[in-house]
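Quick note: the coordinates plus some simple rules give every number you see, no bench work behind them. This one's a predicted model, so the numbers in the text were calculated from it and none came from an experiment. Heads up, the Cβs are rebuilt from the backbone with ideal geometry, glycines too, and the neighbour counts pull from every protein chain shown.
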Amino acid sequence: MPTRVIKRLGHTFAVDISEEFDSVAQELGVGHATASFGKFSELKHTWRRTGTRTSFRVSDYLDVAPQEVIESLAWYLVTRAFDVTCPENKAERYLEYVRSDSMWRLKGPEYLSRARSLCLNPLGKQRDLLAVFNYVNSTYFKGAIVNPTLAWTDESPATRLGYYFGPINLLAVNSVFDSERVPRYVLEFVVYHELLHHVDAESGRRTKRVHHTKRFREQERRFTSWADAEKWLSRLVSEYRRTKNRGSVPRA
């Protein structure tokens, strides 16, 4: 059976993570379950059902997680696999852990080394992310933000145009903006948007999910070319979806 080795108080124990998943599966009456760690570039988990047995592959970013986190993860994944409601508070410990600074201080470098979609050189083919960050930081945040790790990300613009990953202070922007075809202020707006998330995280206003609240939207509108930038973003996403349906992708 798949095991992991963890250290507690100077002693080493082999812990069978399948026991946690099988216990939850049986309590829910959905058969038996096994679980093992798998190497993924993102924090992701998979499962496959064969008859009355379900096999889970758990991201190895959690291979040093405390036992109570694995128990919580088992509830989170088994209920999702069978589309049933997770009992109140059963998944909270896992969700708190994977958003914690303590986990990503340990696993952050490994995450960055695996992320195939990321280019950690801020100097793109046409645009310099560092120059854009410095401009946005000085113009809208009085230069108060310490440089995050800046990266271009190669993924569908229809999926996301950028993101800020607080636990490892990573700001990634879609490479569709690394083009003179797209006005620079559009890229500046995307960076500004993600830095607003950074500011929220730094101020302690962390939420379970990324929320674009009324207050957040009001802050967005402080960007000088907000309306024009929003139109460009809608145009880029629509263009991508339209050209993808025709079997091609938009020029960048």
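Counting beta carbons within 10 Å around each of Ile17, Ile145 and listing the fewest first gives the order Ile145, Ile17. Just the Kirkwood number for the chain, please: inverse of mean 1/r across all distinct Cα pairs, in Å, one decimal. About 20.6 Å, per the Kirkwood formula over Cα pairs. Approximating the spin labels as points 7 Å out from Cα along Cα→Cβ, the Asn134-to-Ser41 distance works out to 3.0 nm.
Think of it as helices only: each DSSP H run of n ≥ 4 in the chain is worth -39500 (n - 2.57), and spread over all residues that comes to -13500 deg cm²/dmol at 222 nm. Under 5 Å between amide hydrogens, built in the peptide plane, is the criterion, and for Trp47 it picks out Arg57 among residues at least 5 positions away or on other chains. Each of Glu92, Glu218, Glu20 was scored by other Cβ atoms within 10 Å of its Cβ. Listed from fewest to most, they are Glu218, Glu92, Glu20.
Compute the acute angle (0 to 90°) between the alpha-carbon long axis of helix 226-245 and the principal axis of greatest extent of the alpha-carbon atoms of the chain; round to the nearest 10°. Compared with the principal axis, the helix lies near 60 degrees.
Of the residues Thr85, Met103, Val24, the one whose Cα sits farthest toward the positive end of the charge dipole of the range 3-113, with +1 on the Cβ of Lys and Arg and -1 on the Cβ of Asp and Glu, is Met103. Close amide H partners of Glu155, meaning residues 5 or more places away or on another chain with modelled amide H under 5 Å apart, are Ser175. Close amide H pairs (under 5 Å, H built 1.01 Å from N) link Ser100 with no residue at least 5 positions away or on another chain.
Taking Cα atoms only, the orientation of helix 67-81 departs from the longest principal axis of the chain by about 80 degrees.
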